[in-house]
Amino acid sequence: MEIFDLVVGALTTLFTPEHFAFLMLGVILGLMIGVFPGLGGIAGLSLLLPFIYGMDEVSALATLIGLVAVIPTSATFTSVLMGIPGSSSSQATVLDGFALAKQGQASRALGAAFSSSLLGGLFGAIILTFFVQIARPVILIFGSAELFMLAIFGLSMVGSLSGNSVFKGIVACAFGILVGSIGSAPATGEFRMIFGIEYLYDGIPLVVIALSIFAFPEISELFRKESAIAQGAKLGKDGWLSGVKDMIKNKWLALRCAGIGTIVGAIPGMGGSVVDWIAYGHVVQTSKDKSKFGKGDIRGVIAPESANNAKEGGALMPTLLFGIPGSGSMAVFLGGMVLIGIEAGPSMVTSDIDLTYTIIWSLAIANVLGAGLSLLLAGPISKLTEIKFSLLAPFMIMVISFAAFQATKDMADLWMLMLFGVVGIFMKRFGWSRPAFLIGFVLATQAESYLNMSVQFYGWQMFLRPGVLIILALTLLSVYFSRKGTVDENAELMAAETKANINMLPQLLFAVAVVIFVGIAVFDAWQQSFLGGVFPMVIGITAIPFGLYLLYIFLSRQTSSPSVFDAEQAVAEGTFKATWYEPLLWIGGLYLLSMLIGFVPAIIIFFVSFFTLKAKTGWLQTALLTAAGVILLLMFSSFLNLELPQGVFFN
């Protein structure tokens, strides 16, 4: 009864006009920030902190919670509509969400996503309401050894996401881990694979890699096809309602993934960058029919979306109870609590337990508000997928460039976006698993850090700890179920591909480039101290035999091997209206101009040139579209106080 009374008290506070109004304000701000890919909760909360200083506790807390709750929800818009990961926790949604959008079912995917987010957020709040009393001992079970094994568990999802070729999947994952190892070693601070480039000292930002590997290839492909995203399909009027029905039909899946999201979110250090992949891997491994995953299976939207909203509630637990942020956004949230005079710690489950319940249920109601507003917008916004892509392309290129630049505020962000964008294009073309690469990249630093700490604290006895053994058993089960089917976005093209006269040279050259990079990583690791180099060296040495076997397949022309694939030679003739490098010339030209004269003048020239020469629009339409793009850019940069690239000649 005590818990019930506390919850009722929290709800009474929640629905006071002042608290509800500021909660709604936070929700609206979160929706605005979330639709801009790459910004996420960290940037949004950081921008909000100066404004809450001096506000009363109720108003400031409500605004903070409203914003942090809905960013994972609104980030779904770009993930589904454009194939651009809206945030680190909506990467997995791209696989099936964008595939559905290309089939003209964008509103259905959004309906399923937002209703799943709503269910996940509410379910997470319910779990936390009863879990908060016993949370401390449960969270304390997870030491560095258990966190290392949890990272390995996340890597085990690679088996389900490796595509038709397990060899490519393993090498892609190792490739991602080694790219994630660039920069300073966690244990010693030694710099690895920086090649004398100052930008690489802190590693490559996740935002840049996610946009490169997923958004860049999709933009390039649509650019070359010169068609609408929905590829001629018409949107159904009841699409979003159909998505809600899909969620209800798969409610037990949504609840399971919400539970996964809450648990993983509550573990300090893991955060939202991995929970969507764990949920996605779970639905693939437990589904009897895996044939549609990666090609437009609605379950591939429901699973990660229900998990990524629930994880925000889970991440609150270590933040409130220990003052240990459960994620990057929670670190900024903790700073906001300090600003308004709230001290995290044991008192949050004793004398201030009513405040804890107010926070938990504010989070739940913010999820309801955010999902409701997003559902209302789903139908109209999904119509973007029917617009000819040549009219959307400049806006999408502007958005991903603007978002990538916010990572470190360095022009190198844009050049790195383009470099790994080319890698992403070739990975998609040759059937290398992009999810496997991204999982490896995300978990690289975490796995290495926790392994180093575990060996120092426990020695190799770490593998005998009960928590480690339990997670190890789950990992082995994950690997076992992964054997029963994998996600492959190119499966249909592979089935239609005629390999008799296939030109092996392009995919051979790409595989050679990847193996050379792995070799360089091993050589670089050899130059480091033992602790600084052992992790990338083990990963590289493990990957090299698989990479060499791939080279053998290509050199010996084993056309029957599932590892042999080239989408460029599998699609029907006339599908692509432009060469693979034409989008790179346009984007490279934009970045070169940005270096010289600044981003705003460069984007004006880019828009005018693109609409005139590529889209063949009239001068009036070109002027209106260019003005709309520039106004949108300046409005967001001014309102959110974000920087734009400055030129050498014009600052």
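In the set Lys311, Lys295, which member is at pLDDT 75 or above, over 18 Å from Glu57 (Cβ atoms) and in a loop (DSSP other than H, G, I, E, B)?
Working: Lys311 fails: in a loop (DSSP other than H, G, I, E, B).
The match here is Lys295.
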Task: Every pair of residues 6+ apart whose Cβ atoms lie under 7 Å, when the first sits in the range 567-586 and is farther than 15 Å from Gln507 by Cβ while the second is among the hydroxyl-bearing types (Ser, Thr, Tyr) and modelled with pLDDT of 80 or more - done: Pro583/Ser220
- [ ] Specify which of the listed residues (Ile204, Ile209, Ile213, Ile263) is in the same structural domain as Gly121 (by TED's automatic domain parsing), free of Cβ contacts under 8 Å to residues at least 60 places away in the same chain and under 25 Å from the mean Cα position of the chain (by Cα).
- [x] Ile263
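A quick yes/no check of all residues on (1) in contact with a Lys or Arg (Cβ under 8 Å, 6 or more places away or on another chain); (2) surrounded by fewer than 24 Cβ atoms within 10 Å (Cβ to Cβ); (3) in contact (Cβ under 8 Å) with a residue 24 or more places away in the chain; (4) outside the structural domain of Met330 (by TED's automatic domain parsing):
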site	(1), (2), (3), (4)
Val94	no, no, yes, no
Gly97	no, no, yes, no
Leu100	yes, no, yes, no
Leu110	no, no, yes, no
Ser116	no, no, yes, no
Thr129	no, yes, yes, no
Task: Any chance Ile397 is in a helix (DSSP H, G or I), at pLDDT 90 or above and farther than 24 Å from Ile177 by Cα - done: yes
Open item on the list: Looking at the range 15-49 only, could you name the residues that are modelled with pLDDT under 80, β-branched (Val, Ile, Thr) and crowded, with 18+ Cβ neighbours inside 10 Å?
Closed with: Ile33, Val35, Ile42
TODO: Report whether or not Gly104 is within 26 Å of Leu443 (Cβ to Cβ) and modelled with pLDDT under 85.
DONE: no
Open item on the list: Can you find, within the range 435-455, the residue that is nearest to Ile152 (Cα to Cα) among those that are surrounded by fewer than 24 Cβ atoms within 10 Å (Cβ to Cβ) and of a type in the set (Val, Ile, Thr)?
Closed with: Thr445
Task: Number of the exception - Thr612 against (1) under 17 Å from Leu414 (Cα atoms); (2) of a type in the set (Ser, Thr, Tyr); (3) over 30 Å from the mean Cα position of the chain (by Cα) - done: (1)
TODO: State whether the residues of the range 518-529 include one that is farther than 30 Å from Glu448 by Cα and assigned by TED's automatic domain parsing to the domain that holds Phe195.
DONE: no
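If I go through the range 587-603 residue by residue, how many of them are free of Cβ contacts under 8 Å to residues at least 60 places away in the same chain and not hydrophobic (A, V, I, L, M, F, W, C)?
We begin by selecting, within the range 587-603, every residue free of Cβ contacts under 8 Å to residues at least 60 places away in the same chain; these are 589, 592-593, 596-598, 600-602.
In the following step, the residues that additionally are not hydrophobic (A, V, I, L, M, F, W, C) were identified as 589, 598, 601.
Adding up the residues that qualify gives 3.
Would the range 378-400 turn up any residue that is without any contact (Cβ under 8 Å) to a residue 12 or more places away in the chain and either surrounded by fewer than 21 Cβ atoms within 10 Å (Cβ to Cβ) or under 30 Å from Pro217 (Cβ atoms) (or both)?
We begin by selecting, within the range 378-400, every residue without any contact (Cβ under 8 Å) to a residue 12 or more places away in the chain; these are 380.
If we keep only those that are either surrounded by fewer than 21 Cβ atoms within 10 Å (Cβ to Cβ) or under 30 Å from Pro217 (Cβ atoms) (or both) as well, we get 380.
Yes.
Of the residues Ile359, Ile400, which is within 19 Å of Val80 (Cα to Cα) and among the β-branched types (Val, Ile, Thr)?
Details: Ile359 fails: within 19 Å of Val80 (Cα to Cα).
Just a single option satisfies the conditions, and that option is Ile400.
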Task: Residue identified as surrounded by fewer than 24 Cβ atoms within 10 Å (Cβ to Cβ), at pLDDT 85 or above and not small (Gly, Ala, Ser) among Trp432, Trp415 - done: Trp415
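So which residues in the range 520-555 are of a type in the set (Val, Ile, Thr) and over 22 Å from Phe167 (Cα atoms)? Steps first, answer last, please.
Going residue by residue through the range 520-555, those that are of a type in the set (Val, Ile, Thr) are 520, 522, 534, 538-539, 541-542, 544, 553.
Val534, the sole residue that qualifies.
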Task: Criterion violated by Phe530 - all others in (1) of a type in the set (A, V, I, L, M, F, W, C); (2) within 29 Å of the chain's Cα centre (by Cα); (3) at pLDDT below 90 satisfied - done: (2)
Open item on the list: Can you find, within the range 163-191, the residue that is nearest to the chain's Cα centre (by Cα) among those that are over 14 Å from Arg434 (Cα atoms) and surrounded by fewer than 22 Cβ atoms within 10 Å (Cβ to Cβ)?
Closed with: Gly183
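Report whether or not Gly540 is among the small types (Gly, Ala, Ser) and farther than 27 Å from Ala393 by Cα. Walk me through it before giving the result.
Numbers: among the small types (Gly, Ala, Ser): yes; farther than 27 Å from Ala393 by Cα: yes.
Criteria met by Gly540.
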- [ ] Please determine, by comparing only the residues of the range 64-86 that are aliphatic (A, V, I, L, M) and under 10 Å from the mean Cα position of the chain (by Cα), which one is nearest to Glu386 (Cα to Cα).
- [x] Ile84
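The values are calculated or read from the model by the stated rules, or taken from the named source; none is laboratory data. Every value quoted in this text rests on a predicted model; they were computed, and no experiment measured them. Cβ: placed from backbone, ideal geometry, glycine included. Neighbour counts: every protein chain shown.
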